[in-house]
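These notes are about the structure you will find just below.
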Amino acid sequence: MCGVANEIAPSVESRPNKGMRCIGIDYGTRRIGLSYGDEIGVATPLPALVQTTDEQRWTALGDVVQKRSVTDLVLGYPYNMDGTAGFKAKEVDGFADKLRDMFNLPVHLIDERLTSFEAESSIAKSKLRDLRASGLVDSRAATIILQDFLDQRIPPALPMEEEV
(Lines give C-alpha, C1' and ligand atoms only; values in the text may rest on other atoms or scores of the structure.)
Protein backbone atom coordinates (compact mmCIF):
# COMPACT_ATOMS: atom_id res chain seq x y z
CA MET A 1 0.00 0.00 0.00
CA CYS A 2 1.47 3.32 -1.06
CA GLY A 3 1.04 6.43 1.06
CA VAL A 4 -0.60 9.64 -0.11
CA ALA A 5 1.82 12.25 -1.46
CA ASN A 6 2.89 14.94 0.98
CA GLU A 7 1.79 17.68 -1.41
CA ILE A 8 -1.78 18.41 -2.37
CA ALA A 9 -0.66 20.68 -5.21
CA PRO A 10 2.50 20.47 -7.27
CA SER A 11 5.37 22.68 -6.18
CA VAL A 12 5.64 26.12 -7.77
CA GLU A 13 8.72 24.97 -9.69
CA SER A 14 6.77 22.23 -11.50
CA ARG A 15 3.73 24.35 -12.36
CA PRO A 16 3.38 25.32 -16.04
CA ASN A 17 2.32 28.88 -15.10
CA LYS A 18 5.35 29.62 -12.91
CA GLY A 19 6.06 33.34 -12.82
CA MET A 20 2.64 34.31 -14.19
CA ARG A 21 1.41 37.64 -12.79
CA CYS A 22 -1.93 38.86 -14.10
CA ILE A 23 -4.01 42.00 -13.87
CA GLY A 24 -7.76 41.49 -14.25
CA ILE A 25 -9.59 44.40 -15.83
CA ASP A 26 -13.26 45.37 -15.80
CA TYR A 27 -13.31 48.16 -18.38
CA GLY A 28 -15.61 51.15 -18.09
CA THR A 29 -15.55 54.63 -19.59
CA ARG A 30 -15.49 56.30 -16.13
CA ARG A 31 -13.91 53.62 -13.95
CA ILE A 32 -11.65 50.64 -14.56
CA GLY A 33 -11.84 47.84 -12.02
CA LEU A 34 -8.59 46.00 -11.33
CA SER A 35 -7.52 42.78 -9.66
CA TYR A 36 -4.28 40.84 -9.30
CA GLY A 37 -3.46 37.15 -9.41
CA ASP A 38 -0.43 34.94 -9.97
CA GLU A 39 0.59 31.30 -10.31
CA ILE A 40 -0.91 30.58 -6.89
CA GLY A 41 -4.31 30.93 -8.59
CA VAL A 42 -6.12 33.42 -6.35
CA ALA A 43 -7.46 36.75 -7.64
CA THR A 44 -7.61 39.69 -5.25
CA PRO A 45 -9.12 43.14 -5.86
CA LEU A 46 -6.96 46.22 -6.36
CA PRO A 47 -8.12 49.83 -6.12
CA ALA A 48 -10.08 50.82 -9.20
CA LEU A 49 -8.80 53.48 -11.56
CA VAL A 50 -11.17 56.40 -10.98
CA GLN A 51 -9.04 59.26 -12.24
CA THR A 52 -10.82 62.05 -14.09
CA THR A 53 -9.22 61.68 -17.52
CA ASP A 54 -8.35 58.74 -19.77
CA GLU A 55 -4.72 59.87 -19.78
CA GLN A 56 -4.57 59.74 -15.97
CA ARG A 57 -6.16 56.27 -15.93
CA TRP A 58 -3.66 54.99 -18.54
CA THR A 59 -0.75 56.39 -16.53
CA ALA A 60 -2.05 54.78 -13.34
CA LEU A 61 -2.57 51.45 -15.14
CA GLY A 62 1.00 51.64 -16.47
CA ASP A 63 2.25 52.14 -12.92
CA VAL A 64 0.38 49.04 -11.71
CA VAL A 65 1.64 46.93 -14.62
CA GLN A 66 5.23 48.01 -13.99
CA LYS A 67 5.22 47.75 -10.18
CA ARG A 68 3.71 44.26 -10.24
CA SER A 69 5.86 43.01 -13.14
CA VAL A 70 2.73 41.87 -14.95
CA THR A 71 3.01 39.10 -17.55
CA ASP A 72 -0.65 38.88 -18.68
CA LEU A 73 -3.66 41.18 -18.90
CA VAL A 74 -7.11 39.65 -18.50
CA LEU A 75 -9.96 41.78 -19.81
CA GLY A 76 -13.67 41.20 -19.33
CA TYR A 77 -15.47 40.94 -22.68
CA PRO A 78 -19.11 42.03 -23.00
CA TYR A 79 -21.07 39.10 -24.41
CA ASN A 80 -24.85 39.08 -24.52
CA MET A 81 -26.73 36.27 -22.83
CA ASP A 82 -27.13 34.56 -26.23
CA GLY A 83 -23.34 34.49 -26.70
CA THR A 84 -23.14 37.28 -29.29
CA ALA A 85 -20.83 40.24 -28.75
CA GLY A 86 -22.49 42.98 -26.71
CA PHE A 87 -23.00 46.62 -27.73
CA LYS A 88 -19.77 47.69 -25.98
CA ALA A 89 -17.67 45.01 -27.71
CA LYS A 90 -16.15 47.39 -30.29
CA GLU A 91 -15.16 49.77 -27.50
CA VAL A 92 -13.58 46.92 -25.51
CA ASP A 93 -11.83 45.67 -28.68
CA GLY A 94 -10.25 49.12 -29.05
CA PHE A 95 -9.25 49.12 -25.39
CA ALA A 96 -7.69 45.64 -25.79
CA ASP A 97 -5.73 46.83 -28.84
CA LYS A 98 -4.41 49.81 -26.88
CA LEU A 99 -3.42 47.51 -23.98
CA ARG A 100 -1.43 45.33 -26.41
CA ASP A 101 0.23 48.37 -28.00
CA MET A 102 1.12 50.10 -24.74
CA PHE A 103 2.34 47.15 -22.71
CA ASN A 104 3.35 44.54 -25.31
CA LEU A 105 1.69 41.84 -23.18
CA PRO A 106 -0.84 39.12 -23.99
CA VAL A 107 -4.44 40.28 -23.50
CA HIS A 108 -6.89 37.49 -22.70
CA LEU A 109 -10.59 38.25 -23.29
CA ILE A 110 -12.85 36.57 -20.75
CA ASP A 111 -16.65 36.42 -20.75
CA GLU A 112 -17.88 39.01 -18.26
CA ARG A 113 -21.58 38.15 -18.36
CA LEU A 114 -23.20 38.69 -14.96
CA THR A 115 -19.94 39.66 -13.22
CA SER A 116 -21.25 43.10 -12.20
CA PHE A 117 -24.45 41.50 -10.95
CA GLU A 118 -22.43 38.98 -8.94
CA ALA A 119 -20.13 41.73 -7.64
CA GLU A 120 -23.12 43.79 -6.47
CA SER A 121 -25.04 40.87 -4.96
CA SER A 122 -23.31 41.01 -1.57
CA ILE A 123 -23.64 44.79 -1.17
CA ALA A 124 -26.58 46.38 0.63
CA LYS A 125 -28.72 48.38 -1.82
CA SER A 126 -28.44 51.45 0.42
CA LYS A 127 -24.64 51.46 0.00
CA LEU A 128 -24.50 50.49 -3.66
CA ARG A 129 -24.50 53.99 -5.15
CA ASP A 130 -21.53 55.20 -3.08
CA LEU A 131 -19.60 51.97 -3.65
CA ARG A 132 -20.17 52.13 -7.41
CA ALA A 133 -18.66 55.62 -7.49
CA SER A 134 -15.62 54.41 -5.53
CA GLY A 135 -14.92 51.67 -8.07
CA LEU A 136 -15.28 48.87 -5.51
CA VAL A 137 -17.94 47.10 -7.58
CA ASP A 138 -15.75 47.38 -10.69
CA SER A 139 -12.76 45.87 -8.89
CA ARG A 140 -14.93 43.07 -7.52
CA ALA A 141 -16.09 42.36 -11.08
CA ALA A 142 -12.44 42.40 -12.25
CA THR A 143 -11.65 39.88 -9.50
CA ILE A 144 -14.41 37.54 -10.71
CA ILE A 145 -13.16 37.89 -14.31
CA LEU A 146 -9.56 37.15 -13.31
CA GLN A 147 -10.55 34.25 -11.06
CA ASP A 148 -12.41 32.65 -14.00
CA PHE A 149 -9.23 32.96 -16.08
CA LEU A 150 -7.00 31.58 -13.33
CA ASP A 151 -9.35 28.65 -12.73
CA GLN A 152 -9.08 27.76 -16.43
CA ARG A 153 -5.26 28.09 -16.47
CA ILE A 154 -4.52 26.61 -13.06
CA PRO A 155 -7.03 23.87 -12.33
CA PRO A 156 -7.03 22.82 -8.70
CA ALA A 157 -4.82 19.81 -8.06
CA LEU A 158 -6.63 16.71 -6.95
CA PRO A 159 -5.17 14.75 -4.06
CA MET A 160 -3.44 11.57 -5.19
CA GLU A 161 -5.51 8.46 -4.60
CA GLU A 162 -4.14 5.59 -2.58
CA GLU A 163 -3.32 2.50 -4.55
CA VAL A 164 -5.35 -0.54 -3.61
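The values are calculated or read from the model by the stated rules, or taken from the named source; none is laboratory data. Being a predicted model, the structure only gives us computed values, none of them experimental. Virtual Cβ from ideal backbone geometry, glycine too; neighbours counted across all protein chains shown.
Just need a number here: residues in the range 76-87 that are surrounded by 11 or more Cβ atoms within 10 Å (Cβ to Cβ) and more than 24 Å from G37 (Cα to Cα).
Looking only at that region, the number is 3.
Which pairs have Cβ atoms under 7 Å, sit 6 or more apart or on different chains, and link a residue in the range 44-60 that is among the small types (G, A, S) to one that is surrounded by 13 or more Cβ atoms within 10 Å (Cβ to Cβ) and part of a loop (DSSP other than H, G, I, E, B)?
Close Cβ pairs satisfying both conditions: A48/R31; A48/G135; A60/Q51.
Okay, residues lined up against (1) within 20 Å of F149 (Cα to Cα); (2) surrounded by fewer than 19 Cβ atoms within 10 Å (Cβ to Cβ); (3) more than 14 Å from the chain's Cα centre (by Cα):
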position: Q56; (1), (2), (3): no, yes, yes
position: V74; (1), (2), (3): yes, no, no
position: A89; (1), (2), (3): yes, yes, yes
position: G94; (1), (2), (3): no, yes, yes
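For the range 62-97, which residues satisfy the criterion of being at pLDDT below 95, in a helix (DSSP H, G or I) and of a type in the set (D, E, K, R)?
K90, E91, D93
Could you identify the single residue in R15, R100, R30 that is at pLDDT below 95, farther than 21 Å from Q147 by Cβ and among the basic types (K, R)?
R30
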